[in-house]
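For reference, the structure is listed below as structure tokens.
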Amino acid sequence: MNFNLRQLEAQETPFYYYDTQLLRTTLAALDAARAGEEHIHVHYAVKANARPELLRIILAAGLGADCVSGGEVRAALEAGFPAESIVFAGVGKADWELRLALEAGIGMFNVESLPELQRISELAVEMGKMARIALRINPNVDAHTHEKITTGLNENKFGLAMEDMLEAVREAERLEGVSYEGLHFHIGSSILDLGVFARLCERINELQDVLEKEGIVTRNINVGGGLGTHYEDPDVHPIPDFIGYMDTFRKYLNLRPGQHLHVEPGRSVVAQCGMLVSRVLYEKQGHEKKFLILDAGFTDLIRPALYNAHHLIQNLSSADQTATERYDVVGPICESSDVFQTQAPLPPSKRGDLIAFRTAGAYGEVMASQYNLRRLPGAVFDEQQN
Ligand code: LLP
């Protein structure tokens with residue numbers, strides 16, 4: 001990641017810094033991994049980062065959008081994503097969200113229950129529209145990731161159970177206002193073990209056999225998102241393994257002739273191009289340890305407090321990066337969970353130093369809140385945005 005320290009020092013903290021050049025390089029790598037195969041469609045998962053400046057760059061790289069709320073559908077449309085390139089998932093789509101998406105004529109509703117299917121049908125008929133739908137199936141494949149970001153197990157609230165698949169397809173074919181176009185899956189996030197995607201493929205192959213035996217034609221297979229990125233060493237691995245990821249589907253997924261493959265990467269596209277930058281307010285000597293108290297807290301980056309997530313912490317102001325100190329790096333929020341990392345190795349740090357949390361482009365700014373009536377973090381870019 002590139003940045004100009006002078007530029008960062010001139011900003012009010014905390015803020016998110018985005019290296020849009022790195023985003024472009026990442027998108028180019030993703031495009032290369034797709035290798036011009038026209039049946040592969042990439043929909044960026046807007047939930048990872050909905051900054052309009054980034055959405056425009058992602059759109060220009062030819063990606064579609066994956067949304068999980070009416071607000072995201074609107075943001076994608078406003079950024080200029082063609083409606084047909086938008087897919088819309090979520091277990092609890094409200095009427096206004098469904099109406100918005102129907103009105104816009106989005107590419108696909110990823111439907112997560114029979115009552116939702118029925119509601120889409122009712123609204124589509126009422127509005128004189130036809131909704132293209134994919135059924136989200138819970139494949140009961142363990143993503144072996146953090147329990148709070150695992151979605152594809154029987155115990156999770158997402159999708160339809162496999163045993164309900166046939167009934168749901170028949171219902172979709174019977175109902176007016178909806179047309180059955182495909183299957184959707186998403187098993188979890190932050191997945192670095194590509195074998196997990198191979199197991200998903202095997203499960204999809206089995207389900208496709210079941211549908212084929214019944215003479216049901218499935219045009220689209222959407223395998224969701226989930227590819228992880230390296231949080232420990234972002235400078236060594238700035239670009240995720242998109243080639244390995246795509247090759248896994250090429251190798252293990254038995255696509256039928258004419259079928260389209262859809263993927264929905266979020267984290268892997270934007271995580272490395274962003275970092276949260278804050279300032280040291282105080283260095284405090286505790287009973288047995290030192291605290292580094294920052295002006296950023298979990299309202300700015302909640303991942304460590306919520307998932308015990310690790311972000312590499314760096315002192316950008318220190319000329320000598322040798323980590324000779326250990327600090328509990330904490331925020332100013334009145335909650336004991338407002339701790340970014342305990343015993344973080346850092347160079348000696350003092351009031352005013354800039355502290356960066358790397359790999360924060362995904363699920364960072366977009367999850368910020370105003371708890372304690374704090375200000376939302378700002379955003380700074382490597383180049384002028386227009
Ligand atoms: N598609 C669906 C249906 C999803 O639910 C998600 C993420 C994605 C795609 C994108 O997954 P990705 O490629 O980013 O792994 N806030 C958590 C992550 C939650 C992910 C939710 N779903 C975190 O900070 O780790």
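Rule-based calculations on the coordinates, nothing more; no lab input. For clarity, every value in this text was computed on a predicted model and none was experimentally measured. All Cβ positions, even for glycine, are placed from backbone atoms using ideal geometry, and neighbour counts span all protein chains on display.
Shown for region 274-385 is the translational diffusion coefficient from the Stokes-Einstein equation, using the Kirkwood radius over Cα pairs, a temperature of 4 °C and a viscosity of 1.567 mPa s: 91 µm²/s. When you restrict to C-alpha pairs under 8 Å that are six or more residues apart and normalise by the size of region 274-385, the relative contact order lands at 35 percent.
Can you sort VAL223, VAL269 by how many other beta carbons sit within 10 Å, fewest first? Walk me through the numbers on the way to the answer.
Values: VAL223 23, VAL269 30.
Lowest to highest Cβ neighbour count: VAL223, VAL269.
Loop-located GluC sites (Glu not before Pro) in region 141-171 (DSSP state not H, G, I, E or B) with no more than 14 neighbouring Cβ atoms inside 10 Å: GLU155.
Summed over qualifying helices (DSSP H, 4 residues or more, each -39500 (n - 2.57)) and divided by its residue number, the chain shows a 222 nm mean residue ellipticity of -8500 deg cm²/dmol. Pairs from the table (LYS93/LYS148; LYS213/LYS251; LYS148/LYS290; LYS93/LYS129; LYS47/LYS93) lying more than 27 angstrom apart at Cα are LYS148/LYS290.
In straight-distance terms, cross-link reach from LYS289 covers every one of the aspartates and glutamates whose alpha-carbon lies under 17 Å from its own, apart from those fewer than eight places away in the same chain; here that gives GLU325, ASP328, ASP338.
Looking at region 231-316, the GluC sites (Glu not before Pro) that sit in a DSSP loop and have at most 12 other Cβ atoms within 10 Å of their own Cβ are GLU232, GLU288. Of all DSSP-defined beta bridges confined to the chain, some 35% are antiparallel rather than parallel. Note: relative contact order over region 20-270, using C-alpha pairs below 8 Å and six or more positions apart, is 21 percent. Taking every C-alpha pair closer than 8 Å and separated by at least 6 residues, the mean separation divided by the residue count of region 63-130 gives a relative contact order of 30 percent.
For the chain, count the residues as N, evaluate 2.2 N^0.38 Å, and divide the Cα radius of gyration by that value, please.
Values: Rg = 22.2 Å, N = 386, 2.2 N^0.38 = 21.2 Å.
The value comes to 1.05.
Could you identify which residue out of VAL141, VAL217, VAL330 has the top mean-square fluctuation in a GNM of the chain using Cα springs shorter than 10 Å? Comparing VAL141, VAL217, VAL330 in a Gaussian network model of the chain, the most mobile one is VAL217.
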